[in-house]
Amino acid sequence: MLYSVLAFFLFAVPFFTWQGWADGIRFPKENLSIIGFLAIIGTSFSLYRLRPFKNKWLFLFLGWCFLLTIINFYLIPVYLEKVVLDMPTSFIAYKELFYITLITLTIVCLASIIPKERRVKDFRFFEINFKETLDFQAIAKVVSWVVIIVSVYSFIQALGLDEIYRCADPSTGWVAQTPLTLDPIKKLSVGDMSRRSVATMGNPSILAVFVSMCLPLCLYLRQKLGYIAFLSGLGVIGLTLSFTAILGLIAGLTVYLWFNHKKILLWLLVLAIPITFYLSGSQKFEHKLKHFLNPTGRVEVHKEAWKLIVEKPMFGFGLGSFEYLIGSNPHVLSRLNNQSWKELHDEYGQIWFTTGFIGLTLFLGFIVSSVRQFLKNITDESVALLASLTVFLVMSFGYFNFRVAPISFYGAVFTGLFLNVIGEGI
């Protein structure tokens, strides 16, 4: 039953949209993710037995979030039509606290599940067509099919043939155009195509990040399906021109090859050295590198965030506070060219901003302890999942992976499965 729940939501969340429901793309996915988390938790507690969960760092982080919400009486100015209204931190923290709690419970359930030991024996007749174990091959196949479908759709969009999901970004001068609206005199640029490739994510960067973290699981299959998904996924990342996704993918594949194919990794590194020297001499490459290091003002918003972090470095300003103190602050907006930053585009910095250095330390402790446990239980499954999570964690330095579906949903599921494989639920 659990496999069926996982397979359904892993497939459904990336494609779920609902025109007229808020933005129609992110909001529906995030709500379906919440339903998915509840389904995983409910299925695990009602139908299966759970082992004790070993990693205390995750519980400590969740407990700190609860404690911080209770004791933090810092007043946050909420800007509404240029009128400042002071609101206690706890009033805006519960939505984020609810989401963190759901993710934590999902990770704990997936890490601690004993699939073959069913709690409710009377329900066995419902299970005739369902797998009783966590079949990682089957889960990887679902992920591979998702990547293939997303890739095909992205290529259709790149040709300008999709009339539903298109993206326009005036700040870059790249606007998605169909063949009918494209100026015949103007040559089609790579930028035009990259703005078109959004699949059902609504944004090329979200698309690239999502596909990148799926690719190690495609390789794990070691079947034709996985290789087709991997190659098509690489094509999508190339179309989107997302340097963040490329960097994350390189990190993830490095982890995967290090534990599975060290010789291939060595040859790739040897080939990469002369290519890097060649590109480093190109002015075009230097321009793109500068844009990557400070795309769309990330450095500036980090400076603004740091000005506040130093005021409350240990405890932070509370969950959900970043959007109001930075994103809705008219004084900050004026210094950021009126760009509203609801997220820092750096999950580690935002964790520090909202939960303080204590919260950041607990979160990093969870990551470090999980990696240490992995080194004691290295398997094909754990390597593939670690590679996917490496992509997720590296890209979290430049994006808000914890706060946007389907990336956040896949990240939580992969984390739970990873901890299950390495024995954190024993």
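The values are calculated or read from the model by the stated rules, or taken from the named source; none is laboratory data. All values derive from a computational prediction rather than experimental measurement. Positions of Cβ are backbone-derived with ideal geometry, glycine not excepted, and every protein chain shown enters the neighbour counts.
Tabulated data
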quantity	calculated
Qualifying residue in the range 393-405 (condition: polar (S, T, N, Q), more than 19 Å from the chain's Cα centre (by Cα) and assigned to a helix (DSSP H, G or I))	no
Meets criteria (at pLDDT 85 or above and either under 30 Å from PRO88 (Cβ atoms) or touching an Asp or Glu at 6+ places or on another chain (Cβ under 6 Å) (or both)) for GLY248	no
Residues located in the range 208-263, provided they are within 15 Å of the chain's Cα centre (by Cα) and either of a type in the set (Asp, Glu) or not in a helix (DSSP H, G or I) (or both)	SER242
Pairs, first assigned to a loop (DSSP other than H, G, I, E, B) in the range 20-40, second polar (S, T, N, Q), C-beta under 8 Å, six or more apart	GLY24/THR17; ILE25/THR17; ILE25/THR200
Per-region count, the range 126-179, residues closer than 30 Å to ILE114 by Cβ, at pLDDT below 60 and in a loop (DSSP other than H, G, I, E, B)	6
First in the range 49-78 and farther than 19 Å from GLU311 by Cβ, second anywhere and basic (Lys, Arg), Cβ under 7 Å, 6 or more apart	ARG49/ARG119
LYS312 vs. criteria among the basic types (Lys, Arg) and more than 21 Å from TRP64 (Cβ to Cβ)	no
Search result, residues across the range 33-68 that are under 19 Å from the mean Cα position of the chain (by Cα) and among the charged types (D, E, K, R)	none
Options SER370, SER388: the member that is closer than 30 Å to LEU217 by Cα, touching an Asp or Glu at 6+ places or on another chain (Cβ under 7 Å), assigned to a helix (DSSP H, G or I) and not acidic (Asp, Glu)	SER370
